[in-house]
Amino acid sequence: MNADTIRELIQSGLPGAQVRVLGDDGAHFEAVVIAPQFVGRSLVQRHQQVYACLGDRMRAEIHALQLRTLSPDEVDKAS
């Protein structure tokens, strides 16, 4: 597994999302996901949405994934 594949999987599962994934050891990754689908969702629900994009790879190929999930409005407020 690599960071580019994870980014592509998340982007295909959350159309319109901005995704940045880091990690070069093939098992441990960190991702920042900015998606309109996160509006009105709790942190747990947001993470579940990302995990759904990755499916069984979370158990088999990805050992650890640190997530930061934001809606576009939250990014604008932080700027």
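Listed values, structure above:
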read-out: Normalised contact order of the chain, rounded percent, pairs of Cα under 8 Å and 6 or more residues apart; value: 34
read-out: Farthest positive-ward along the chain dipole, Cα basis, beta-carbon charges - from Ala3, Val50, Ile62; value: Val50
read-out: Neighbourhood charge, 15 Å Cβ-Cβ cut-off, centred on Leu67 and excluding it, Lys, Arg +1 and Asp, Glu -1; value: +4
read-out: Residue-averaged 222 nm ellipticity for the chain, from DSSP H runs of 4+ at -39500 (n - 2.57), nearest 500; value: -12000 deg cm²/dmol
read-out: Carbon + sulfur, % of accessible area of the chain - ligands and nucleic acids excluded, 1.4 Å; value: 47
read-out: Tilt relative to the chain, helix 43-54 - C-alpha long axis, 0 to 90 degrees, to 10; value: 40
read-out: Cβ-defined net charge surrounding Tyr51, 11 Å radius [Lys, Arg +1; Asp, Glu -1]; value: +2
read-out: From the coordinates shown, Cα Rg over 2.2 N^0.38 Å corresponds to which of [x] 0.96; [y] 1.34; [z] 1.04; value: [z]
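The values are calculated or read from the model by the stated rules, or taken from the named source; none is laboratory data. Since this is a predicted model, take the numbers as computed values, not measurements. Quick reminder, even Gly has a Cβ in these numbers, built from the backbone with ideal geometry, and neighbours come from all protein chains shown. Ligands, DNA and RNA are stripped out before the accessible areas are found, and what is left, the full protein with its side chains, is counted by its heavy atoms. Shrake-Rupley method; radii C 1.70, N 1.55, O 1.52, S 1.80 Å.
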